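This report refers to the structure that appears directly beneath it.
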Amino acid sequence: MKRVALLGATGSIGKQALEIVEAHPELELVAATSGSQPIDGLAPLTQIGGDPAQLLERAEPDLVLNAVVGFAGLSATLWALEHGVTLALANKESLVAAGELALAAQRRGGGLLLPVDSEHSATFQCLEGRPPDTVDSIVLTASGGPFRGRTRDELADVQPLDALSHPTWNMGPKITIDSATLANKGLELIEAHFLFGVPYERIEVIVHPTSIVHALVRFRDGAALAHLGYPDMRVPISYALTYPERSATPVRPLDLAAGLTLEFAAPDLETFPLLRLARRAGELGGTYPCAFNAANEVAVAAFLAGRLSFLGIADTVEDALAGVDGSPAGDLEELVAADAEARAAAESRLPVVT
Ligand code: NAD
Ligand code: MG
(Lines give C-alpha, C1' and ligand atoms only; values in the text may rest on other atoms or scores of the structure.)
(Ligands and ions follow the chains in the order given, each with its own letter.)
Protein backbone atom coordinates (compact mmCIF):
# COMPACT_ATOMS: atom_id res chain seq x y z
CA MET A 1 0.00 0.00 0.00
CA LYS A 2 1.09 3.56 -0.75
CA ARG A 3 -0.49 6.33 1.36
CA VAL A 4 -1.22 9.30 -0.90
CA ALA A 5 -1.95 12.92 0.05
CA LEU A 6 -3.47 14.90 -2.82
CA LEU A 7 -3.19 18.68 -2.64
CA GLY A 8 -5.34 20.59 -5.11
CA ALA A 9 -7.77 17.67 -5.49
CA THR A 10 -10.48 19.72 -7.23
CA GLY A 11 -8.30 20.97 -10.07
CA SER A 12 -7.52 19.60 -13.52
CA ILE A 13 -4.52 17.57 -12.31
CA GLY A 14 -6.25 16.73 -9.02
CA LYS A 15 -9.28 15.16 -10.72
CA GLN A 16 -7.15 13.12 -13.10
CA ALA A 17 -5.06 11.97 -10.14
CA LEU A 18 -8.25 10.80 -8.36
CA GLU A 19 -9.07 8.70 -11.42
CA ILE A 20 -5.63 7.03 -11.23
CA VAL A 21 -5.91 6.48 -7.46
CA GLU A 22 -9.34 4.87 -7.86
CA ALA A 23 -7.97 2.46 -10.47
CA HIS A 24 -5.23 1.23 -8.13
CA PRO A 25 -6.21 -0.59 -4.90
CA GLU A 26 -2.61 -0.26 -3.68
CA LEU A 27 -2.95 3.55 -3.69
CA GLU A 28 -4.74 4.75 -0.54
CA LEU A 29 -5.96 8.35 -0.47
CA VAL A 30 -5.27 9.48 3.12
CA ALA A 31 -5.66 13.27 2.76
CA ALA A 32 -6.96 15.77 0.23
CA THR A 33 -7.07 19.58 0.02
CA SER A 34 -8.62 22.25 -2.14
CA GLY A 35 -8.26 26.02 -2.30
CA SER A 36 -11.90 26.93 -1.70
CA GLN A 37 -14.25 24.22 -3.07
CA PRO A 38 -15.92 21.75 -0.67
CA ILE A 39 -14.26 18.30 -0.49
CA ASP A 40 -15.89 16.74 2.58
CA GLY A 41 -15.64 12.95 2.54
CA LEU A 42 -13.20 12.77 -0.35
CA ALA A 43 -10.51 11.41 2.00
CA PRO A 44 -10.25 10.59 5.73
CA LEU A 45 -8.53 13.97 6.26
CA THR A 46 -9.53 17.01 4.22
CA GLN A 47 -8.76 20.71 4.36
CA ILE A 48 -9.91 23.76 2.43
CA GLY A 49 -7.31 26.50 2.05
CA GLY A 50 -4.60 27.36 4.56
CA ASP A 51 -1.23 25.76 5.28
CA PRO A 52 -1.41 21.95 4.75
CA ALA A 53 1.58 21.14 7.04
CA GLN A 54 -0.49 20.00 10.05
CA LEU A 55 -2.79 17.93 7.86
CA LEU A 56 0.26 16.24 6.31
CA GLU A 57 1.79 15.55 9.75
CA ARG A 58 -1.41 13.77 10.78
CA ALA A 59 -1.90 11.93 7.47
CA GLU A 60 1.63 10.42 7.44
CA PRO A 61 1.65 9.98 3.64
CA ASP A 62 4.21 7.97 1.69
CA LEU A 63 3.66 10.28 -1.27
CA VAL A 64 2.44 13.87 -1.64
CA LEU A 65 1.02 14.88 -5.02
CA ASN A 66 1.21 18.65 -5.12
CA ALA A 67 -1.35 19.83 -7.68
CA VAL A 68 -2.00 23.25 -6.16
CA VAL A 69 -1.67 26.14 -8.60
CA GLY A 70 0.81 28.95 -7.96
CA PHE A 71 3.12 30.03 -5.14
CA ALA A 72 0.47 28.76 -2.67
CA GLY A 73 1.88 25.28 -3.30
CA LEU A 74 5.21 26.15 -1.70
CA SER A 75 4.56 24.93 1.84
CA ALA A 76 3.52 21.45 0.65
CA THR A 77 6.59 21.15 -1.58
CA LEU A 78 8.93 22.12 1.26
CA TRP A 79 7.12 19.89 3.77
CA ALA A 80 7.46 16.78 1.60
CA LEU A 81 11.09 17.44 0.65
CA GLU A 82 12.12 18.25 4.25
CA HIS A 83 10.43 15.08 5.58
CA GLY A 84 11.88 12.75 2.95
CA VAL A 85 8.37 11.93 1.72
CA THR A 86 8.16 11.22 -2.02
CA LEU A 87 7.00 14.39 -3.79
CA ALA A 88 5.08 14.06 -7.06
CA LEU A 89 5.30 17.65 -8.24
CA ALA A 90 2.82 19.25 -10.61
CA ASN A 91 3.09 22.63 -8.85
CA LYS A 92 6.03 23.96 -10.89
CA GLU A 93 5.68 27.47 -9.42
CA SER A 94 7.04 26.32 -6.03
CA LEU A 95 10.21 24.85 -7.54
CA VAL A 96 10.72 27.89 -9.78
CA ALA A 97 10.30 30.31 -6.87
CA ALA A 98 12.23 28.33 -4.27
CA GLY A 99 14.64 26.19 -6.32
CA GLU A 100 17.69 26.42 -4.03
CA LEU A 101 15.70 26.15 -0.78
CA ALA A 102 13.75 23.19 -2.16
CA LEU A 103 16.88 21.33 -3.25
CA ALA A 104 18.50 21.98 0.14
CA ALA A 105 15.37 20.59 1.83
CA GLN A 106 15.55 17.54 -0.42
CA ARG A 107 19.22 16.95 0.48
CA ARG A 108 18.29 17.02 4.17
CA GLY A 109 15.15 14.91 3.74
CA GLY A 110 16.63 12.44 1.27
CA GLY A 111 13.32 11.64 -0.46
CA LEU A 112 12.36 11.31 -4.11
CA LEU A 113 11.23 14.23 -6.27
CA LEU A 114 9.17 12.94 -9.21
CA PRO A 115 8.09 15.49 -11.80
CA VAL A 116 4.47 15.40 -12.98
CA ASP A 117 4.81 18.15 -15.59
CA SER A 118 4.71 16.15 -18.84
CA GLU A 119 7.96 17.52 -20.29
CA HIS A 120 9.83 16.89 -17.05
CA SER A 121 8.38 13.44 -16.52
CA ALA A 122 9.54 12.72 -20.08
CA THR A 123 13.01 14.15 -19.44
CA PHE A 124 13.27 12.21 -16.16
CA GLN A 125 12.48 8.99 -18.05
CA CYS A 126 14.98 9.74 -20.84
CA LEU A 127 17.68 10.52 -18.27
CA GLU A 128 17.00 7.50 -16.04
CA GLY A 129 19.32 8.92 -13.40
CA ARG A 130 22.30 9.36 -15.75
CA PRO A 131 24.67 12.07 -14.44
CA PRO A 132 24.39 15.64 -15.87
CA ASP A 133 27.89 15.42 -17.43
CA THR A 134 26.70 12.73 -19.88
CA VAL A 135 24.02 15.14 -21.12
CA ASP A 136 24.67 17.43 -24.06
CA SER A 137 21.32 19.20 -23.83
CA ILE A 138 17.68 18.86 -22.84
CA VAL A 139 14.92 19.87 -25.27
CA LEU A 140 11.52 20.86 -23.87
CA THR A 141 8.72 20.94 -26.41
CA ALA A 142 5.97 23.60 -26.46
CA SER A 143 2.71 23.31 -28.37
CA GLY A 144 2.95 27.05 -29.05
CA GLY A 145 -0.51 27.59 -27.58
CA PRO A 146 -3.60 29.00 -29.30
CA PHE A 147 -1.71 32.01 -30.75
CA ARG A 148 1.15 30.21 -32.45
CA GLY A 149 2.01 31.92 -35.75
CA ARG A 150 0.41 35.26 -34.83
CA THR A 151 2.19 38.61 -34.76
CA ARG A 152 2.15 41.06 -31.84
CA ASP A 153 -0.34 43.27 -33.69
CA GLU A 154 -2.71 40.34 -34.01
CA LEU A 155 -2.57 39.77 -30.25
CA ALA A 156 -3.43 43.32 -29.18
CA ASP A 157 -7.14 42.63 -28.74
CA VAL A 158 -7.31 39.00 -27.68
CA GLN A 159 -9.68 38.28 -24.81
CA PRO A 160 -9.41 35.76 -21.94
CA LEU A 161 -11.84 33.39 -23.70
CA ASP A 162 -9.60 33.30 -26.80
CA ALA A 163 -6.55 32.56 -24.67
CA LEU A 164 -8.40 29.89 -22.66
CA SER A 165 -8.87 27.56 -25.64
CA HIS A 166 -5.70 25.48 -25.78
CA PRO A 167 -5.10 23.34 -28.90
CA THR A 168 -3.74 20.16 -27.27
CA TRP A 169 -4.13 20.21 -23.46
CA ASN A 170 -7.21 20.73 -21.25
CA MET A 171 -5.91 22.45 -18.08
CA GLY A 172 -6.73 24.93 -15.31
CA PRO A 173 -7.09 28.63 -16.28
CA LYS A 174 -3.74 29.92 -14.97
CA ILE A 175 -1.54 27.41 -16.81
CA THR A 176 -3.70 27.78 -19.93
CA ILE A 177 -2.95 31.52 -20.05
CA ASP A 178 0.71 30.75 -19.31
CA SER A 179 0.69 28.40 -22.31
CA ALA A 180 -0.74 31.14 -24.53
CA THR A 181 2.00 33.61 -23.49
CA LEU A 182 4.75 30.92 -23.35
CA ALA A 183 5.37 31.91 -19.71
CA ASN A 184 4.57 28.26 -18.96
CA LYS A 185 7.55 27.13 -21.01
CA GLY A 186 9.65 29.77 -19.25
CA LEU A 187 8.62 28.35 -15.87
CA GLU A 188 9.37 24.87 -17.20
CA LEU A 189 12.83 25.93 -18.32
CA ILE A 190 13.65 27.03 -14.75
CA GLU A 191 11.94 23.93 -13.36
CA ALA A 192 14.12 21.70 -15.58
CA HIS A 193 17.27 23.53 -14.46
CA PHE A 194 16.55 22.77 -10.81
CA LEU A 195 15.25 19.23 -11.36
CA PHE A 196 18.09 17.99 -13.53
CA GLY A 197 21.05 20.23 -12.58
CA VAL A 198 21.69 21.23 -16.20
CA PRO A 199 22.78 24.83 -16.98
CA TYR A 200 20.38 27.08 -18.88
CA GLU A 201 22.48 27.23 -22.04
CA ARG A 202 21.98 23.48 -22.37
CA ILE A 203 18.19 23.56 -22.10
CA GLU A 204 16.44 24.34 -25.37
CA VAL A 205 12.78 25.11 -26.00
CA ILE A 206 11.32 24.06 -29.33
CA VAL A 207 7.79 24.50 -30.70
CA HIS A 208 6.10 21.22 -31.59
CA PRO A 209 2.40 21.88 -32.33
CA THR A 210 0.93 18.40 -31.79
CA SER A 211 2.56 17.72 -28.38
CA ILE A 212 3.45 14.13 -29.28
CA VAL A 213 7.13 14.43 -28.36
CA HIS A 214 7.16 15.66 -24.73
CA ALA A 215 10.91 16.06 -24.33
CA LEU A 216 14.16 14.91 -25.82
CA VAL A 217 17.61 14.49 -24.29
CA ARG A 218 20.77 14.70 -26.39
CA PHE A 219 23.71 12.83 -24.89
CA ARG A 220 27.43 13.49 -25.34
CA ASP A 221 27.86 10.44 -27.59
CA GLY A 222 25.56 11.92 -30.26
CA ALA A 223 22.53 9.84 -29.31
CA ALA A 224 19.21 11.53 -28.52
CA LEU A 225 16.40 9.88 -26.59
CA ALA A 226 12.87 11.23 -26.95
CA HIS A 227 9.66 10.51 -25.06
CA LEU A 228 6.51 10.22 -27.21
CA GLY A 229 2.83 9.71 -26.52
CA TYR A 230 -0.57 11.31 -26.98
CA PRO A 231 -0.94 14.44 -24.85
CA ASP A 232 -2.74 13.11 -21.75
CA MET A 233 -1.69 14.09 -18.23
CA ARG A 234 -2.89 10.77 -16.85
CA VAL A 235 0.35 9.26 -18.20
CA PRO A 236 2.82 11.39 -16.17
CA ILE A 237 0.45 11.42 -13.16
CA SER A 238 0.25 7.62 -13.22
CA TYR A 239 4.00 7.33 -13.73
CA ALA A 240 4.67 9.42 -10.59
CA LEU A 241 1.97 7.76 -8.46
CA THR A 242 3.00 4.20 -9.34
CA TYR A 243 6.77 4.79 -9.75
CA PRO A 244 8.77 2.67 -10.44
CA GLU A 245 6.07 0.25 -11.65
CA ARG A 246 4.91 2.08 -14.82
CA SER A 247 1.34 0.81 -14.37
CA ALA A 248 -1.22 0.51 -17.17
CA THR A 249 -3.41 3.54 -17.99
CA PRO A 250 -6.51 3.92 -20.23
CA VAL A 251 -4.40 5.94 -22.70
CA ARG A 252 -4.06 4.22 -26.08
CA PRO A 253 -0.61 3.36 -27.45
CA LEU A 254 0.85 5.59 -30.13
CA ASP A 255 -0.41 4.67 -33.63
CA LEU A 256 2.39 5.21 -36.14
CA ALA A 257 0.89 3.31 -39.09
CA ALA A 258 -2.00 5.82 -39.19
CA GLY A 259 0.61 8.36 -40.33
CA LEU A 260 2.43 10.60 -37.91
CA THR A 261 4.38 13.69 -38.89
CA LEU A 262 6.46 15.44 -36.28
CA GLU A 263 7.09 19.15 -36.84
CA PHE A 264 9.44 21.40 -34.91
CA ALA A 265 10.22 25.13 -35.09
CA ALA A 266 12.07 27.74 -33.06
CA PRO A 267 9.87 29.76 -30.67
CA ASP A 268 9.01 33.36 -31.63
CA LEU A 269 10.59 35.35 -28.77
CA GLU A 270 9.49 38.71 -30.25
CA THR A 271 5.82 37.86 -30.02
CA PHE A 272 6.15 35.84 -26.82
CA PRO A 273 8.73 37.71 -24.71
CA LEU A 274 7.89 35.92 -21.45
CA LEU A 275 9.98 32.93 -22.51
CA ARG A 276 12.98 35.22 -23.00
CA LEU A 277 12.29 37.01 -19.69
CA ALA A 278 12.08 33.69 -17.84
CA ARG A 279 15.39 32.53 -19.28
CA ARG A 280 17.05 35.77 -18.17
CA ALA A 281 15.51 35.51 -14.69
CA GLY A 282 16.80 31.94 -14.43
CA GLU A 283 20.30 32.92 -15.54
CA LEU A 284 20.40 35.85 -13.10
CA GLY A 285 19.43 33.42 -10.34
CA GLY A 286 18.88 34.61 -6.77
CA THR A 287 15.24 35.55 -6.27
CA TYR A 288 14.76 36.62 -9.91
CA PRO A 289 12.92 33.37 -10.76
CA CYS A 290 10.71 33.94 -7.69
CA ALA A 291 10.04 37.50 -8.86
CA PHE A 292 9.29 36.34 -12.41
CA ASN A 293 6.75 33.86 -11.09
CA ALA A 294 5.14 36.33 -8.67
CA ALA A 295 4.80 39.11 -11.25
CA ASN A 296 3.42 36.64 -13.77
CA GLU A 297 0.81 35.37 -11.29
CA VAL A 298 -0.34 38.94 -10.66
CA ALA A 299 -0.44 39.79 -14.38
CA VAL A 300 -2.32 36.62 -15.36
CA ALA A 301 -4.93 37.21 -12.64
CA ALA A 302 -5.34 40.80 -13.89
CA PHE A 303 -5.74 39.60 -17.49
CA LEU A 304 -8.36 37.01 -16.47
CA ALA A 305 -10.19 39.72 -14.52
CA GLY A 306 -10.28 41.97 -17.59
CA ARG A 307 -7.93 44.54 -16.01
CA LEU A 308 -4.94 43.97 -18.31
CA SER A 309 -4.47 43.31 -22.02
CA PHE A 310 -2.85 40.12 -23.26
CA LEU A 311 0.36 41.90 -24.32
CA GLY A 312 0.26 43.77 -21.01
CA ILE A 313 1.08 40.52 -19.19
CA ALA A 314 4.65 40.46 -20.50
CA ASP A 315 5.05 44.24 -20.14
CA THR A 316 4.00 44.04 -16.49
CA VAL A 317 6.41 41.21 -15.74
CA GLU A 318 9.29 42.95 -17.52
CA ASP A 319 8.70 46.22 -15.65
CA ALA A 320 8.32 44.46 -12.31
CA LEU A 321 11.53 42.46 -12.81
CA ALA A 322 13.43 45.66 -13.60
CA GLY A 323 12.32 47.09 -10.25
CA VAL A 324 13.16 44.21 -7.89
CA ASP A 325 16.33 43.51 -5.96
CA GLY A 326 16.72 39.83 -6.92
CA SER A 327 19.42 38.95 -4.39
CA PRO A 328 19.34 35.35 -3.11
CA ALA A 329 17.03 34.35 -0.25
CA GLY A 330 18.85 32.77 2.70
CA ASP A 331 15.67 31.31 4.15
CA LEU A 332 11.95 30.94 3.61
CA GLU A 333 11.17 34.28 5.24
CA GLU A 334 13.41 36.13 2.77
CA LEU A 335 11.89 34.21 -0.12
CA VAL A 336 8.35 35.09 0.94
CA ALA A 337 9.47 38.73 1.19
CA ALA A 338 10.91 38.59 -2.35
CA ASP A 339 7.64 37.12 -3.62
CA ALA A 340 5.67 39.90 -1.90
CA GLU A 341 8.01 42.60 -3.25
CA ALA A 342 7.58 41.37 -6.83
CA ARG A 343 3.79 41.10 -6.42
CA ALA A 344 3.66 44.70 -5.18
CA ALA A 345 5.92 45.84 -8.05
CA ALA A 346 3.61 44.15 -10.57
CA GLU A 347 0.41 45.45 -8.91
CA SER A 348 1.75 49.02 -9.01
CA ARG A 349 2.24 48.71 -12.77
CA LEU A 350 -1.28 47.49 -13.57
CA PRO A 351 -3.55 49.95 -15.38
CA VAL A 352 -5.76 51.89 -12.98
CA VAL A 353 -9.39 50.72 -13.13
CA THR A 354 -11.77 53.63 -13.71
P1 NAD B 1 -6.46 24.13 -11.41
O2 NAD B 1 -6.69 25.58 -11.33
O3 NAD B 1 -7.35 23.29 -12.26
O4 NAD B 1 -6.47 23.50 -9.93
C5 NAD B 1 -5.76 24.06 -8.89
C6 NAD B 1 -6.04 23.36 -7.56
O7 NAD B 1 -5.34 24.10 -6.54
C8 NAD B 1 -7.52 23.36 -7.16
O9 NAD B 1 -7.81 22.17 -6.45
C10 NAD B 1 -7.62 24.56 -6.23
O11 NAD B 1 -8.68 24.43 -5.28
C12 NAD B 1 -6.27 24.50 -5.53
N13 NAD B 1 -5.83 25.79 -5.01
C14 NAD B 1 -5.87 27.00 -5.67
N15 NAD B 1 -5.39 27.97 -4.88
C16 NAD B 1 -5.04 27.40 -3.71
C17 NAD B 1 -4.49 27.88 -2.49
N18 NAD B 1 -4.25 29.20 -2.32
N19 NAD B 1 -4.24 27.00 -1.50
C20 NAD B 1 -4.50 25.69 -1.66
N21 NAD B 1 -5.03 25.17 -2.79
C22 NAD B 1 -5.30 26.02 -3.80
O23 NAD B 1 -4.92 23.95 -11.85
P24 NAD B 1 -4.25 22.73 -12.64
O25 NAD B 1 -4.36 22.96 -14.10
O26 NAD B 1 -4.72 21.44 -12.06
O27 NAD B 1 -2.71 22.95 -12.27
C28 NAD B 1 -2.19 22.63 -11.00
C29 NAD B 1 -0.66 22.70 -11.06
O30 NAD B 1 -0.20 21.71 -11.97
C31 NAD B 1 -0.14 24.04 -11.59
O32 NAD B 1 1.06 24.36 -10.94
C33 NAD B 1 0.14 23.76 -13.06
O34 NAD B 1 1.16 24.56 -13.59
C35 NAD B 1 0.59 22.30 -12.99
N36 NAD B 1 0.39 21.57 -14.25
C37 NAD B 1 -0.88 21.38 -14.73
C38 NAD B 1 -1.08 20.69 -15.91
C39 NAD B 1 -2.46 20.42 -16.44
O40 NAD B 1 -2.60 19.71 -17.42
N41 NAD B 1 -3.50 20.96 -15.83
C42 NAD B 1 0.04 20.20 -16.61
C43 NAD B 1 1.30 20.40 -16.09
C44 NAD B 1 1.48 21.08 -14.90
MG1 MG C 1 4.25 21.04 -19.09
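The values are calculated or read from the model by the stated rules, or taken from the named source; none is laboratory data. All values derive from a computational prediction rather than experimental measurement. Here the Cβ positions follow ideal geometry from the backbone for every residue, glycine too, while neighbour counts run over all protein chains shown. Heavy atoms of the whole protein, side chains included, go into the accessibility calculation; ligands, DNA and RNA do not. Shrake-Rupley method; radii C 1.70, N 1.55, O 1.52, S 1.80 Å.
Protection proxy ranking, highest mean first, for peptides 25-32, 211-218: 211-218, 25-32, where packing is the per-residue count of other beta-carbon atoms within 10 Å, averaged. The 3J(HN,Hα) values that the Karplus relation (6.51, -1.76, 1.60; θ = phi - 60°) gives for region 147-163 are, in residue order, 10, 4, x, 7, 9, 4, 4, 6, 9, 4, 10, 5, 9, x, 5, 5, 6 Hz. Gly and Pro appear as x.
In the chain, the DSSP-assigned H stretches of four residues or longer account for a calculated mean residue ellipticity at 222 nm of -13000 deg cm²/dmol, using -39500 (n - 2.57) per stretch and the full residue count as denominator. Only protein heavy atoms count here; on that basis, with a 1.4 Å probe, Lys2 has an accessible area of about 50 Å². If you run the Gaussian network model on the chain, springs between alpha carbon atoms under 10 Å, then out of Leu182, Leu127, Leu65 the most flexible one is Leu127. Ellipsoid fit via the Cα gyration tensor, the chain: semi-axes of 28, 25, 21 Å, each the root of five times an eigenvalue, largest first. Positive end of the dipole of the chain (Cβ unit charges, origin at the Cα centre): among Ser137, Ala344, Gln125, the Cα lying farthest that way belongs to Gln125. Take 166-172, 297-303 and order them by the average number of nearby Cβ atoms within 10 Å per residue, most first; the result is 297-303, 166-172.
This model, with +1 at the C-beta of Lys and Arg and -1 at the C-beta of Asp and Glu, gives the chain a dipole about its Cα centre of some 480 debye.
Backbone N atoms of region 149-174 closer than 12 Å to the 7 Å Cα→Cβ label point of Leu254 are not found in any residue.
In the structure shown, the pairs Lys2/Lys185; Lys2/Lys92; Lys15/Lys92 are assessed against 21 Å; a Cα-Cα span above that value is assigned to Lys2/Lys185; Lys2/Lys92.
Taking θ as phi - 60° and the Karplus parameters 6.51, -1.76 and 1.60, the scalar couplings of region 48-54 work out to 10, x, x, 7, x, 4, 5 Hz in sequence order, x denoting glycine and proline.
Residues in region 325-334 carry Karplus couplings, in order, of 7, x, 5, x, 9, x, 8, 4, 4, 5 Hz; the curve used is 6.51 cos²θ - 1.76 cosθ + 1.60 with θ = phi - 60°, and Gly or Pro positions show x.
Sorted on the mean count of surrounding Cβ atoms within 10 Å across their residues, most packed first, peptides 11-23, 99-111 read 11-23, 99-111. Less than 5 angstrom separates the built amide H of Ala329 from those of Thr287, all sequence-distant by 5 or more or on a different chain. Close amide H contacts of Leu29 (hydrogens built in the peptide plane, cut-off under 5 Å, sequence separation of 5 or more or a different chain): Val4. Bridge orientation summary for the chain: considering DSSP beta bridges with both residues in this region, about 30 percent are antiparallel. Near the amide H of Gly111, within less than 5 Å, lie the amide hydrogens of Gly84, all on another chain or at least 5 residues away, with H placed in the peptide plane. By DSSP, the beta bridges lying fully in region 33-142 are antiparallel in about 0 percent of cases. Note that region 129-280 carries a Kirkwood radius of 16.8 Å, evaluated over its alpha carbons pair by pair. Of the solvent-accessible surface of the chain, computed with a 1.4 Å probe and all protein chains present, 52% belongs to carbon and sulfur.
Computed with a 1.4 Å probe over protein heavy atoms only, the accessible surface of the chain comes to 43 Å² per residue.
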